[in-house]
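Worksheet for the structure shown next.
The values are calculated or read from the model by the stated rules, or taken from the named source; none is laboratory data. All values derive from a computational prediction rather than experimental measurement. Cβ placement follows ideal geometry from the backbone for every residue including glycine, while neighbour counts extend to all protein chains displayed. In case anyone asks, the SASA skips ligands and DNA or RNA and just uses the protein heavy atoms, side chains included. Shrake-Rupley method; radii C 1.70, N 1.55, O 1.52, S 1.80 Å.
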Amino acid sequence: MTYSNDSLSETESNNSQQNQTPTNFTPIAPLVTWSDSYGANPAYVELLGFPNSHNYQRIEALDFVIIEDVWDNPQYKYFARIEEANLNLPLMGLSRENPTRIVTQERYLRGMPTPSTLGECVHLFKGKIITRLHNGICSSPRTRPNWNSPTRLATAQEIIDNLGLPTANPDFEIGVIA
């Protein structure tokens, strides 16, 4: 097989472009759905959030979210409620008891430099799927979102619409729940 200088330089150029990572990576959504495990409860979905990303939204227990299943046709949306506070999982994949993690945390407490990836974590949330949305129509969730589906906080109007709440009347307001 014979290669010309032009084809080799083009190949090298393509390879160098593929190996470059963008410096300003921003995920498309604050959260994504995580893959299911065998035996998982189909009424729930697990969501991953990356707190070090630029568009991360602080998600808390009892917040409502919209999951957009961009991987399927038709592209359903799902309305879900975060069931419990997030779990903090290390990105390094080391167990809690791993000596490397323990030493890293000790170094951090002493003000010593630590590798940045050892201190980073991912937030894991558990959400209960309430409704499936398609073209403005709500239905019971007879399917589930695919893994890696973008997820964001629901707007106030989306919460009102999906829960079927009546329009607020300030004349009947007796207090505020904080």
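Of all residues in the stretch 55-96, exactly one satisfies the criterion of being open to solvent by less than 50 Å² (accessible area, probe 1.4 Å), part of a strand (DSSP E or B) and more than 16 Å from residue 45 (Cβ to Cβ), namely 90. For residue 128, the conditions (1) over 19 Å from residue 158 (Cβ atoms); (2) surrounded by fewer than 17 Cβ atoms within 10 Å (Cβ to Cβ); (3) touching a residue at least 60 places away in the same chain (Cβ under 8 Å) are fulfilled apart from (1).
Evaluating residue 171 against the criteria (1) in a helix (DSSP H, G or I); (2) open to solvent by less than 100 Å² (accessible area, probe 1.4 Å) leaves one unmet condition, (2). Scanning the stretch 136-152 for residues that are in contact (Cβ under 8 Å) with a residue 12 or more places away in the chain and either part of a loop (DSSP other than H, G, I, E, B) or open to solvent by 50 Å² or more (accessible area, probe 1.4 Å) (or both) yields a count of 10.
Looking at residue 106, is it modelled with pLDDT of 80 or more and open to solvent by 50 Å² or more (accessible area, probe 1.4 Å)? It would help to see each step written out before you state the result.
Working: modelled with pLDDT of 80 or more: yes; open to solvent by 50 Å² or more (accessible area, probe 1.4 Å): yes.
Yes.
Taken together, the residues in the stretch 109-124 that are at pLDDT 75 or above and either in a helix (DSSP H, G or I) or more than 19 Å from the chain's Cα centre (by Cα) (or both) amount to 4.
In the stretch 32-51, the residue that is nearest to residue 121 (Cα to Cα) out of those that are touching a strand residue (DSSP E or B) at 6+ places or on another chain (Cβ under 7 Å) and open to solvent by 60 Å² or more (accessible area, probe 1.4 Å) is 50. Contact annotation: residue pairs with Cβ atoms under 7 Å, 6 or more positions apart or on different chains, pairing a residue in the stretch 65-83 that is over 13 Å from residue 136 (Cα atoms) and modelled with pLDDT of 95 or more with a partner that is of a type in the set (Val, Ile, Thr) and in a loop (DSSP other than H, G, I, E, B), are 82/59.
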